[in-house]
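Colleague: The structure that follows is given in the form of structure tokens.
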Amino acid sequence: MIPTYWSREKAEGWQEGDAVYDHPTPLDDEGTLARTLESMNKLTVKDFKLVLLICPTTPDVADAAEKRVVEIVRRVNLKAETYIFTISDLARISEIIYETDTMRRTASLLSMIGYANVRNMCLLCADILAADAAILIDDDEVFEKADWIERSVEFLGKRIYGDVVYGMAGYYINKHDQYYDDVKSESWMTHWDRFGTKAKAFDEIIGCPPRVKRTPFAFGGAMIIHRDMFQSVPFDPHVTRGEDIDYLINSRMYGFSFFLDNTLSIKHLPVPKKHPQWKRIREDIYRFVYERAKIATQYKTGNMVMVTPEDFDPYPGEFLREDLDEKIFRSNMMLAIDYMLSDDAEGAAEALNNIAISKKDAKPNFDAFSRYRSNQKLWEQISTIVSEKRYELRKIMEAHNLSVRPILRDELSQRQLDRCDIIAELRKTFAFELSEERWASFSELFHVKTFYENEMLFQSGDYNNTMYILLKGELTLYSGSRDSGGEIEIAWLKKGDVLGESCMTNQPFTLSCRATQFTELIGIDKEDIMNLVSSDPSLGVVFFQQVLTKVVEKLRNSNLYNSSIGGGAVLDTFIERHELVEN
């Protein structure tokens, strides 16, 4: 998920009412997005969905920004399935969500204005696409490690030091290949040593072994979030800056653990900041005062964990304590003196104004903890609606799938793929070490079938002669019918799952199957499976082993064990065939 921010042309500049971001790309500027996408070409794994969220500073530039992004995507030609997500897409999605949430309480979380809201839309897109993990990247970064994708999810969902890894943080390196902030220390920072405290934290977490460890900080442009967490924990829309670390605090409150991988670096090459120093420290004041209030107003609940500033030491914990007010006062007094020595009266006045802001405007006039709890409940409501309306929502996103190619099918629903395409799909599906000649021979046994949304694959009682593996899309297995009192969904199958292994037992299907979105399968007939075993026993053994693994995994993750489409009898038959081939 990569948000990309766009503004009016340079000559127009920022206008009253436009959203404020650090460095949006003017429509007549090249920007940094192309550089990021070009760096992704070096990734060894491109089997992921890439979503580019187009975030205009004003609706006036939305259409032009969309054209610019599509143009960049076409030019770079990244070999990954690529979507764009626009404010018009969000409007259509919101209307579907409001059909259930008639009071529109969820509207406060369905926005593409502000960093935290944009991050939430990243998570929403991941949920609609039924992703197992959401990888958040920024459009001013460059990938340098070819295996970045593999590293990012290597530990996700696994248990380390007694905790499950629900969030994984990478980290930034600057143009000097260092993980420190590329800033110059100044005298006024004596009492606002944010960068020094960050450096201490980076040395402890990034610079020391082991490779993976719990972390008190995270980076929004190198953040990997497990499905269980992004469906439960939203970014806090009341945080205008530092939404990444705030998300880590929120996730800790709900019992989720964030870890950092000190090999998961990404180069961060931001456009130089143009805001004056007093404005940058003001943004920090707003975030830290708010986060301190959220921690201070905690109370015991049945589903949350009480956290303290010390849980996030050395950074950001150092700026969440009671002495934050003193830090703000002393640092801004010194900053004001620096401005006065430079004959900048306006800057000095703004620095002094920061002190007043910290005591009044920055403090939330509501219970920050209770407000976030309310937003979290609304987020779970959105996730529930997404699961119920996923295919209506998915259809909206698929309309902006830039990787879709025309699909040509014959009368048997077989897609017109050339042999090279089929071999490429088989290489993704099976971990075989074969020569090019054997791959070509193996591929001759397979054919590809495609089904559109709501198209039936088979019905209960149909004879089964073919085993399939899903290449893309999703299928629903169900019993009953709409005419006989309703369908009962038994399971959903998705990419990598096996379908029709009951062909090995000569049994008909006992369930019905429908495509819930455009679905592509690669199939092999029972007769060809047996011919493979006879003609190439060594390859047959490996084939059975890998298919058996997929079948067992499906049985573990569904309630299909007692059905003939994937039940115990089928598993026993596979084991028998496997043992026979080995003998």
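The values are calculated or read from the model by the stated rules, or taken from the named source; none is laboratory data. In this text, all values refer to a predicted model and were calculated from it rather than measured experimentally. Counting neighbours? That spans all protein chains shown, and the Cβs are built from the backbone with ideal geometry, glycine included. We work out accessible area using only protein heavy atoms, side chains counted, and drop any ligands, DNA or RNA first. Shrake-Rupley method; radii C 1.70, N 1.55, O 1.52, S 1.80 Å.
Colleague: For the range 1-145, what class follows from the C-alpha gyration tensor (a ≥ b ≥ c being the square roots of its eigenvalues): rounded when a/c is under 1.5, otherwise prolate if a/b is larger than b/c, else oblate?
Modeller: Cα axes put the range 1-145 in the oblate bin.
Colleague: Oh, and also: Going by the alpha-carbon gyration tensor, a ≥ b ≥ c the square roots of its eigenvalues, is the range 75-166 rounded (a/c under 1.5) or, if a/c is not under 1.5, prolate (a/b greater than b/c) versus oblate?
Modeller: Since a/c reaches 1.5 but b/c is at least a/b, the shape of the range 75-166 is classed as oblate.
Colleague: Identify which of the listed values of P(r) over Cα pairs in 20 Å bins from 0, in percent was calculated from the structure shown: (1) 19, 44, 26, 10, 2, 0; (2) 20, 54, 24, 2; (3) 18, 48, 27, 7, 0.
Modeller: Read-out from the structure maps to (3).
Colleague: Suppose the chain between M333 and A356 were pulled fully straight at 0.36 nm per residue; how much longer would it get relative to their current alpha carbon spacing?
Modeller: 7.1 nm
Colleague: Please compute the net charge surrounding Y299, taking Lys and Arg as +1 and Asp and Glu as -1 over other residues with Cβ under 10 Å from its Cβ. List each step's numbers first, then the result.
Modeller: Details: positive: K300, R373; negative: D367.
Value of the local net charge: +1.
Colleague: Return the loop-located GluC sites (Glu not before Pro) in the range 154-254 (DSSP other than H, G, I, E, B) with at most 14 other Cβ atoms within 10 Å of their own Cβ; answer none if there are none. Walk me through the numbers before you get to the answer.
Modeller: On the way: sites: E154, E186, E204, E243; in loops: E154, E186.
Here the sparse-neighbourhood loop sites are E186.
Colleague: Which FRET efficiency, nearest 0.05, do E144 and N454 yield, Cβ-Cβ r, R0 35 Å?
Modeller: Efficiency, rounded to the nearest 0.05: 0.20.
Colleague: Give the distance, in whole Å, between the Cα centre of the range 15-31 and the Cα centre of the range 142-220.
Modeller: Taking the Cα centre of the range 142-220 as reference, the centre of the range 15-31 is 28 Å away.
Colleague: Then there's this: Counting DSSP beta bridges with both partners in the chain, what percentage is antiparallel, nearest 5?
Modeller: Given both bridge residues lie in the chain, the antiparallel proportion sits at roughly 70 percent.
Colleague: Modelled label-to-label distance, R159 and K46, 7 Å Cα→beta-carbon offset: nm?
Modeller: 3.9 nm
Colleague: Please label the shape of the range 226-281 as rounded, prolate or oblate, based on the square roots a ≥ b ≥ c of the eigenvalues of the alpha-carbon gyration tensor (a/c under 1.5 means rounded; beyond that, a/b larger than b/c means prolate, else oblate).
Modeller: Taking the square roots of the gyration eigenvalues as a ≥ b ≥ c, the range 226-281 is oblate.
Colleague: Stokes-Einstein at 4 °C, 1.567 mPa s, Kirkwood radius from Cα pairs: D for the range 449-518 in µm² s⁻¹? All intermediate terms of the calculation are to be shown ahead of the outcome.
Modeller: Details: Rh = 12.3 Å.
It diffuses with D of about 105 µm²/s by this estimate.
Colleague: If R₀ is 25 angstrom, what is the calculated FRET efficiency for the pair V183 and A296, using the beta carbon separation as r and rounding to 0.05?
Modeller: It comes out at approximately 0.30.
Colleague: So what is the accessible area of the range 1-135 per residue, in Å², with the probe set to 1.4 Å?
Modeller: 41 Å²
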